[in-house]
Amino acid sequence: MCGLHVEAVRAGGRLPIIRGLDIEVAPAETLCLVGESGCGKTMTALAVMGLLPAALQRRAAQLRLDDVDLSTLPEHRLSALRGDRLAMIFQDPNTALNPVYTIGRQLAEVWRRHRDGGQGAAEQRATELLQRVGIAGAVQRLRQYPHQLSGGLRQRVMIAMALMCQPRLLVADEPTTALDVTVQAQVLQLLRDLQSELSLGMLLITHDIGVVAAMANRVAVMYAGEVVEAGPVQAVLRRPRHPYTRGLLDCLPRGGAHSSRLGTIPGSVAAPGEEGGGCAFVNRCGYADSACRAAPVPLSELEAGRSVRCRKPLPDGGVAPNSGAAMAAATPRTEDGPRALETRQVVRHFTFGWRLPGGRPVLRAVRGVSLHLKRGEVLAIVGESGCGKSTLARMLLGLLPPTAGDVLLDGRPIGELGRSAIAEFVQPVFQDPYASLAPHRRIVDTVALPLTALGRGTPAERRQQALRMLAEVGLPEHLADRLPSRLSGGQRQRVAIARALVLRPPVLVCDEPTSALDVSVQAQILNLLVDLKERLNLSLVLITHNIGVVEQLADRVAVMYLGQVVEEGLVAQVLRRPRHHYTRLLLSSALDPGAVGGGLAATAGDSNYPDPMNLPTGCTFHPRCQAASALCGQQEPPVLLGPGGFVACHHPADRVFPATSQREPEQTCQSRSN
């Protein structure tokens, strides 16, 4: 790709969005595009695919796929290439999958459009790929609809769809955002294997620096429609030369830095047309001077294969001065205190509509979970997609009744409370700030909606209370009457938090509150949650697959597997001395931003994930556990109590797990001596 421009055509002229982008992806190579939301990464992907909105126009000096210049192809020929030699994994499977077609029909449609063969061959290929991306019970999944799958499973279906015809170039826009750490490692390893088998080139867009470290050969850092730094991944991540790259790395959660403030980048990405005449990053840069504002900055080569768009590149290992100041690390809350929330042997089953020879299948999503949350505490719940985390969250919020067991809010059974009492005590913060806010409702009205629903106060009083809450989460009053489409992703998530807090509930249930955000906005939201927790004495249930976020924010952590909690305790204890072999698998699968070129071997070949509708006898983890004995397949494991927590395992591990540095995946489940 040479000289790519994307422009918005308006009555007053053309507004540049992508400005002279030069990138190249070789066969079997991965080029990662990184940067904040609004930098132009997804627009670049859509331009390559020829999928730009009608209001935008693409032009390029050259845009070649092998021997074909995509920039000159008519739409019917480009459409024939899409899905065949050129494929894309979209970020949001909720909008990319058709809700009225089964998974099998959507996968088969791609195969039958580009390949010879009937429905049988298409279904065989679809089943094979669902199995390769780690979906258990693939044959049954073909008959399901997208709404019957978890977010992680839907994303795996999207990846399988993109790989149906073995493309030459794969454009992957945040392909693992919704995936847990073990499936992420499996999927990334699959993409690596396919690159080797098919000489597949990949343009990978991500905000996860761990993914960049594990996957990229080269990395290009984008800002305001331009590449500001590019080079081999090891050089860029370990020796960043642009202040923006350094700032992104400073935003990453640091292992062991419990409740400390993360570094942030002040301000936000300038909108197209607002960059000014000089360096686009000038208003957010701690090194900028008058010369930086005077004229555009060219992309200059520092060394072979290494370039930077900066008048004063940082020295090797230089630290940008706009890093956030660290505050004293808070001590995790370990003292006994009143319990804000509690579950006692909670069970939730789902019965599906289709009939099998043995009757209607039953999914036992949550199986006897007992947890508690103390006042002012953060309890993290981690585990793979499908383990029951979100189902448990819905029961905590009163949105889903338990099949058996009790949920207690402030010591009272949730079934005895009315909707108003539940809403006043516990509120949710959802994963996707784009989908959780009504697009037609002004921000101030969105925040005031819980007050309106409960009939609190007059309209003027509700507005004033909503404005005070917006100020509490750091949003100025001039944004109050805007629609969500006029806000950034981080601002939308702040609105979602303000809406959750407007009733002043003592408990928030946060379901992946930062997974859809880039690293700089994630740092802002995590800092905000730390501040609000301390200022308002909030109790948080934090559902996440990001181990760094757990270390940063949580006091205790519960590890769920196939509907049960298999280990629970203080964060430092569970993450440094994990005793359950599943916990060790999760930690081994977590990608380390500092481990360039590694970190994927932990779950390679882990193909024994059980069918959740046909659970193994005994310990449900034993088919995947290298420390399993015959006893593990026969009897459910005992619950072993320890200081501050418990583990459910016949053969608990006792080796200390490394706090930082690259994991040792081959030893994940082999710490028990013979």
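The values are calculated or read from the model by the stated rules, or taken from the named source; none is laboratory data. Not measured: the values here are computed from a predicted model. Using ideal geometry, Cβ is built from the backbone for each residue, glycine included, and neighbour counts are taken over all protein chains shown. Each accessible area value is taken on the protein alone, full model and side chains, heavy atoms only, with ligands, DNA and RNA left out. Shrake-Rupley method; radii C 1.70, N 1.55, O 1.52, S 1.80 Å.
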Of (1) open to solvent by 30 Å² or more (accessible area, probe 1.4 Å); (2) part of a helix (DSSP H, G or I); (3) within 22 Å of Gly418 (Cα to Cα), Gln465 fails just (3)
For residues in segment 477-496 being of a type in the set (A, V, I, L, M) and over 18 Å from the mean Cα position of the chain (by Cα), which is modelled with the lowest pLDDT? Leu487
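One line per residue, one yes/no per condition, for (1) β-branched (Val, Ile, Thr); (2) surrounded by 24 or more Cβ atoms within 10 Å (Cβ to Cβ); (3) in contact (Cβ under 8 Å) with a residue 24 or more places away in the chain:
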position: Ile525; (1), (2), (3): yes, yes, yes
position: Leu528; (1), (2), (3): no, no, yes
position: Leu532; (1), (2), (3): no, no, yes
position: Val541; (1), (2), (3): yes, yes, yes
position: Gln552; (1), (2), (3): no, yes, yes
position: Leu570; (1), (2), (3): no, no, yes
position: Arg577; (1), (2), (3): no, no, yes
Evaluate the following for Leu508: is it part of a helix (DSSP H, G or I) and open to solvent by less than 10 Å² (accessible area, probe 1.4 Å)? no
Within segment 563-579, considering residues that are in a loop (DSSP other than H, G, I, E, B) and touching an Asp or Glu at 6+ places or on another chain (Cβ under 9 Å), the one farthest from Thr620 (Cα to Cα): Arg577
Note on Ser79: of the conditions (1) surrounded by fewer than 17 Cβ atoms within 10 Å (Cβ to Cβ); (2) part of a loop (DSSP other than H, G, I, E, B), unmet is (2)
Looking only at segment 279-293, and only at residues there that are outside any helix (DSSP H, G or I), touching a helix residue (DSSP H, G or I) at 6+ places or on another chain (Cβ under 8 Å) and touching a residue at least 40 places away in the same chain (Cβ under 8 Å), the one that is nearest to Lys312 (Cα to Cα): Tyr287
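Find the residue count for segment 196-208, including only residues that are open to solvent by 10 Å² or more (accessible area, probe 1.4 Å) and either outside any loop (DSSP other than H, G, I, E, B) or out of contact with any Pro (no Cβ under 8 Å at 6 or more places or on another chain) (or both).
So the answer is 5.
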If you check every pair at least six apart or on different chains, which have Cβ atoms under 7 Å apart with a residue in segment 23-45 that is under 20 Å from Arg59 (Cβ atoms) first and a residue that is part of a helix (DSSP H, G or I) second? Leu33/Lys41; Leu33/Thr44
Members of segment 91-133 found to be at pLDDT 85 or above, open to solvent by 90 Å² or more (accessible area, probe 1.4 Å) and assigned to a helix (DSSP H, G or I), listed by number: Arg105, Glu109, Arg112, Arg113, Gln124, Gln131
For segment 51-59, check the following and say yes or no: at least one residue is open to solvent by less than 60 Å² (accessible area, probe 1.4 Å), in contact with a Ser or Thr (Cβ under 7 Å, 6 or more places away or on another chain) and farther than 16 Å from Val269 by Cβ. no
Identify the residue in segment 134-184 that is among the basic types (Lys, Arg) and in a loop (DSSP other than H, G, I, E, B) and, among all such residues, is surrounded by the fewest Cβ atoms within 10 Å (Cβ to Cβ). Arg143
Segment 381-401: number of residues that are more than 23 Å from Val571 (Cα to Cα) and open to solvent by 40 Å² or more (accessible area, probe 1.4 Å): 3
Within segment 413-452, the residues that are open to solvent by 30 Å² or more (accessible area, probe 1.4 Å), farther than 23 Å from Val346 by Cα, in a helix (DSSP H, G or I) and not β-branched (Val, Ile, Thr) are Asp445, Leu449
Here is a list: Ile159, Ile135. Which entry is more than 18 Å from the chain's Cα centre (by Cα) and among the aliphatic types (A, V, I, L, M)? Ile135
Could you please let me know if Leu198 is more than 21 Å from the chain's Cα centre (by Cα) and more than 28 Å from Val269 (Cβ to Cβ)? yes
If you go through Pro253, Pro232, Pro266, Pro240, the only one that is at pLDDT below 90 and farther than 23 Å from Ala572 by Cβ is Pro266
Count, please, the residues in segment 304-352 that happen to be touching a helix residue (DSSP H, G or I) at 6+ places or on another chain (Cβ under 7 Å), open to solvent by 60 Å² or more (accessible area, probe 1.4 Å) and at pLDDT 65 or above. 1
Tell me yes or no: at least one residue of segment 237-251 is of a type in the set (Val, Ile, Thr), over 21 Å from Ala26 (Cα atoms) and open to solvent by less than 30 Å² (accessible area, probe 1.4 Å). yes
If you go through segment 353-363 one residue at a time, do you hit one that is in a loop (DSSP other than H, G, I, E, B), surrounded by 13 or more Cβ atoms within 10 Å (Cβ to Cβ), modelled with pLDDT of 70 or more and touching a helix residue (DSSP H, G or I) at 6+ places or on another chain (Cβ under 9 Å)? yes
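Give, as residue ranges, the strands (runs of 3 or more DSSP E) completely inside segment 1-70 that count at least 2 residues that are within 22 Å of Asp84 (Cβ to Cβ).
In segment 1-70, the matching strands (runs of 3 or more DSSP E) lie at 30-34.
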